[in-house]
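The values are calculated or read from the model by the stated rules, or taken from the named source; none is laboratory data. All values derive from a computational prediction rather than experimental measurement. All Cβ positions, even for glycine, are placed from backbone atoms using ideal geometry, and neighbour counts span all protein chains on display. Side chains are part of the model used for accessible areas, which takes the heavy atoms of the whole protein and leaves out ligands, DNA and RNA. Shrake-Rupley method; radii C 1.70, N 1.55, O 1.52, S 1.80 Å.
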Amino acid sequence: MRDAVLIIDLSNYSYEIEHRPNLFEEWIGGVGVAVQLLKEQMNPKADPLTEENVIVFATGPFTPAYPLASKTVALFKSPLTGNLGESHAGGRTATSIANAGYGAIVIKGKSRKPVYLVIENGKVHFKDGRALWSIPDSLVVGRILAENEPGRGIRTVMRIGGAGEKLVRYACVTTETYRHFGRLGLGAVFGSKRLKAIIVRGRKKYVPADGKKFREVYDEIFKKAIESDAMKKYHLLGTAANILPLNELNSLPTRNLQSARFENAEEISGEALAEHNLGRRIACSHCPIACIHLATLRIPYENEPYFYKTIMISYDYELIYSLCSMVGVGSRDGLLRLIHKVESYGLDAISTGVCLAWATEALEKGILSEKDTIIKLSFGDIKGYLKAIDYLYEQPNDFYRHLAMGVEHASDVYGGKVFALAFGGNEMPGYHTGYAAHLGYATGLRHSHLDSAGYSIDQKEKSLTPKELIDKLIAEECWRQVLSSLVVCFFARKVYTSDVISKAFEPLGVEISEDELKKKGEEIYKEKLRLKVKMGFNPENLRFPKRIFETESLQGKLDEKFIEEAKKYYVRSVNEVIGLGSSPHYTLITSE
Amino acid sequence: MRIYTNLVSVMKRLVIKDLEKCVGCGLCMYACSRKFAKKPEIGNSNSAILAISLSGFERGATVIFCHACIDPPCAQVCPTGALKPKKGGGVVYNENLCLGCKYCMNACPINAIFEREDGKIAVCIHCGYCSNYCPHGVLAYEEVEA
Ligand code: SF4
Ligand code: SF4
């Protein structure tokens, strides 16, 4: 198995490569390994925007052996939450890191001048990044690097836009134009280290322990993937397919969650986008699904008749939620313009949309004045939002400086906590399905809908007790630690069932039973939780914004008492894990 | 599987069915490294086909592999005879003779010869293995007249 860890120190432009077979054997790869590396390399009390912060990129043992093992895990300290930052991206990052010979890459320190890194097998080049610095458009940065650096087809180009340089706490790192280490502010960490981009390229071979078996298992996984529902659903309409059903279910947060139904849902649905705007689909490396949907945005030049610029924009459910329904924008053209703006600066779309939605309501309610927001923000006003996104990057006054630090922070300063939609400091994802969704955002260790997929539990189970619900969420999150250690795409979770995973390890020379896998998932979860607590996470402090109890969800109006009880139980279970009691055993669910 | 007639030889080749459908997934590239049943590899070192974006994915993706020239320029510049023209088009590669000089890579006008990890080269032998793994109908393995 791949066991090389590349450790780069930007403070003195040096690097070393360590072989750590035991680390990868014990913790699989991906998030399992990244948690251990972060523990070793970083002071948990580090200030996220100083040289003390450490970034770990980790890939798993199935990359590049099997299809759909197409993701990389990034771990760091989040400048948005001040706690553990974890974010996953596709594109070509995982395969490029693997083909360059590494299992994980650690980045420490801080450069004196802007730099970008070129990483190859056994070698790191520190390159002068001054000419790229202050180019606000991440698309342009990507193009310049793609034109000037060799390795097309076998490389990844990870970079930040202006938002990362300006330390917007929810700036992302973009890879291959359309994929992102989106959440929790990795872009700002890059910016603080004066790291504009990382290119990784490689051509490498690994020899399987059992070649014949390897081809057989590969074919089995490939066939299962091609015939899966995921292949159909995510390839055809992509995640945008969820807009109509979730709206039907009273679960699509609208106008800062003053409602969970959007009257213009049809207009911005996956179906409408596919029919009117879809231009092409592309895929992450080694993924047969090709879920990335690119829409064509044609913008006329204002003063020149019959002149247009045509731009390809990738859309997904979360972006339609955050930049349409959440801010009351009901047009596809508006959606694509807003996505384009957010992409150019390299902002996280969910956090941006939620921050703007909060600001709009705060202005309506008189908590903010137009002196703060400079322009009038109102739900549905695309032009206003486009300008406001410019201001998030430019930060021309105190208000935008605060808003660039997230909605939790901005509402600390200005008020409006009741409708500041953040969980654990991270802006809310787009599912108001019920208890499981919101409890999942709060208890999930990265405060994401992907931690434990509460939105899915809400749609299936309506009569769980608070305790049962927490157990179920944690069990799912434990299992997902296995998937994010491998690191396979969550869309392939029904392809990579525990029996398939165990079988896929064999030809690689690794024996691991289904039971052992499940245990590993629990252990990794606990290790991550312990690290999070060391970084200052206190579950007692989890805040549930009042707004979620005001607006009807799929499960009707939510009851605060239910959430309180669930929280109490969760606090107990955290305490048990960190050694203030015996540790609970979660029953695992491996499929939905 | 070759049928020779007097003048025209009919042979099977890897062909493009619809380039516009390429999503850039690279499944073909990884398949190529697995193509030898006796020594399948993981990775891309030995891959003779490459999926690229057209200077950024906003312009789509495409694949590059040996076009099986009738009069292959790569074989002409090979100093050791490691690359020899194949009857009906394309080349036969004998890696034992290959120096790793990469003259062939420079001679190929469509950049369809690739460098392996060990410094030698990878070039398509038109075995068709990869076409079984293209999920989007870009590649096929078909008889063509040469
Ligand atoms: S036809 Fe065979 S040699 Fe050519 S690219 Fe496909 S798998 Fe590789
Ligand atoms: S497998 Fe098909 S779709 Fe994927 S890169 Fe190769 S030719 Fe393109």
Query raised in the report: What figure in square angstrom, to the nearest 10, would you give for the accessible area of A:VAL207 with a 1.4 Å probe?
Result: 110 Å²
**Report entry** Simple Cβ-charge dipole of chain B, Lys/Arg +1 and Asp/Glu -1, about Cα centre, in debye nearest 20
**Finding:** 380 debye
Query raised in the report: Taking each residue of A:452-459 in turn, how many C-beta atoms of other protein chains fall within 10 Å of its C-beta, and what is the average?
Result: 0
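Can you compute the equivalent ellipsoid semi-axes for the protein assembly as shown, i.e. the square root of 5 times each eigenvalue of the Cα gyration tensor, sorted largest first and rounded to whole Å? Intermediate values should be presented prior to the final figure.
Details: eigenvalues 375, 165, 126 Å².
Taking √(5λ) for each Cα gyration eigenvalue gives 43, 29, 25 Å.
Can you give me the orientation-averaged projected area of the convex hull built on the Cα atoms of segment B:69-110, in nm²? Walk me through the numbers on the way to the answer.
On the way: hull surface 10.5 nm².
Over all viewing directions, segment B:69-110 projects a mean Cα-hull area of 2.6 nm².
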Report task. Could you list the residues of segment A:223-255 with an amide nitrogen less than 13 Å from a label point located 7 Å from the Cα of A:LYS494 in the Cα-to-C-beta direction? Result -> A:224-235
Query raised in the report: Which log10 I(q)/I(0) values, to two decimals, does segment A:4-201 give at q = 0.08 Å⁻¹ under the Debye formula with one point per Cα?
Result: -0.21
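Using a 1.4 angstrom probe on the protein heavy atoms only, could you order A:LEU139, A:LEU236 from most to least accessible area? Numbers along the way, then the final one.
Working: A:LEU139 35, A:LEU236 110 Å².
Accessible-area ranking of A:LEU139, A:LEU236, largest first: A:LEU236, A:LEU139.
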Report task. Could you check which residue among B:LEU99, B:LEU50, B:LEU83 shows the biggest mean-square fluctuation in a GNM of chain B with a 10 Å Cα cutoff? Result -> B:LEU99
Report task. Find which of B:PRO135, A:MET326, A:LEU84 sits farthest along the positive direction of the dipole of the protein assembly as shown, computed with +1 on the beta-carbon of Lys and Arg, -1 on that of Asp and Glu, about the Cα centre. Result -> B:PRO135
**Report entry** With DNA, RNA and ligands ignored, accessible area of A:HIS276 (1.4 Å probe; Å², nearest 10)
**Finding:** 110 Å²
Report summary line: Scoring chain B by relative contact order with C-alpha pairs under 8 Å, at least six apart, yields a percentage of 33 percent
Query raised in the report: Label-point separation (nm) for A:ASN303 and A:GLU52, each offset 7 Å from Cα along Cα-to-Cβ?
Result: 5.3 nm
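Please find the FRET efficiency linking A:ASN43 to A:ARG543, where r is the Cβ-Cβ separation and R0 is fixed at 41 Å, and quote it to the nearest 0.05. Let's see the in-between values first.
Values: r = 27 Å, r/R0 = 0.65.
That gives a FRET efficiency of 0.95.
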Query raised in the report: Once label points are set 7 Å from the Cα along Cα→Cβ at both B:ALA140 and A:VAL510, what is their separation, rounded to one decimal in nm?
Result: 4.0 nm
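Can you check what the net charge comes to around A:ILE350, using other residues whose Cβ is under 9 Å from the Cβ of A:ILE350 (Lys, Arg +1; Asp, Glu -1)?
Numbers: positive: A:ARG183; negative: A:GLU318, A:ASP348, A:GLU427.
After counting each charged neighbour, the total is -2.
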**Report entry** Cubic angstrom per residue, convex hull over Cα atoms of segment A:426-577
**Finding:** 119 Å³
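Treating only the Cβ of Lys, Arg, Asp and Glu as charged (+1, +1, -1, -1), what charge dipole size does segment A:220-415 show about its Cα centre? Round to the nearest 20 debye. If you can, show how the numbers build up before the last one.
On the way: 19 positive and 26 negative charges, 82 e Å.
Using Cβ point charges on Lys, Arg, Asp and Glu, segment A:220-415 gives about 400 debye.
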Query raised in the report: What is the magnitude of the charge dipole of the protein assembly as shown about its Cα centre, with +1 placed on the Cβ of each Lys and Arg, -1 on the Cβ of each Asp and Glu, and no other charges, expressed in debye to the nearest 20?
Result: 1740 debye
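Rounded to the nearest 100 Å², what is the buried accessible area between A and B, both sides summed, probe 1.4 Å?
Details: alone 21930 and 8600 Å², together 27120 Å².
So the total buried area for this chain pair works out to about 3400 Å².
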Query raised in the report: Lys/Arg Cβ at +1, Asp/Glu Cβ at -1, dipole of the protein assembly as shown taken about the Cα centre: which of A:TYR569, A:GLY151, A:HIS409 is farthest positive-ward?
Result: A:GLY151
Query - Calculated Rg and Dmax of segment A:220-415 using C-alpha coordinates, Å - result: 18.1, 62
Report summary line: Given the candidates A:LEU377, A:LEU249, A:GLY366, the one whose Cα lies deepest towards the positive end of the charge dipole of segment A:220-415, counting +1 at each Lys or Arg C-beta and -1 at each Asp or Glu C-beta, is A:LEU249
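With a cut-off of 8 Å between alpha carbons and a minimum separation of six or more residues, what is the relative contact order of chain A in percent? The partial results should precede the final answer.
Values: 1334 pairs, mean separation 88.9, N = 592.
Relative contact order here is 15 percent.
Just checking the output field for B:58-69: average partner chain Cβ neighbours within 10 Å of each residue's Cβ?
Numbers: counts 14, 3, 6, 6, 1, 1, 2, 0, 0, 0, 0, 0.
Averaged over the peptide's residues, the number is 3.
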Report summary line: With every protein chain in place, the accessible area of A:ASP47 for a 1.4 Å probe, in Å² rounded to the nearest 10, comes to 70 Å²
Query raised in the report: Hey, what's chain A come to in accessible area per residue, 1.4 Å probe, Å²?
Result: 34 Å²
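Which FRET efficiency value, to the nearest 0.05, do you get for A:ASN22 and A:LYS467 by plugging their Cβ-Cβ distance into 1/(1 + (r/R0)^6) with R0 = 45 Å?
On the way: r = 37 Å, r/R0 = 0.83.
Between A:ASN22 and A:LYS467 the formula returns 0.75.
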Query raised in the report: What does the convex hull of the Cα atoms come to per residue for segment B:3-146, in Å³?
Result: 122 Å³
Report task. Note down the nm distance, to one decimal, between modelled labels 7 Å out along Cα→Cβ at A:GLN258 and at B:ARG59. Result -> 4.6 nm
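Rounded to the nearest 0.05, what FRET efficiency do B:LYS102 and A:ILE374 have when you use their Cβ-Cβ distance and R0 = 51 Å? All intermediate terms of the calculation are to be shown ahead of the outcome.
Working: r = 58 Å, r/R0 = 1.14.
E between B:LYS102 and A:ILE374, to the nearest 0.05, is 0.30.
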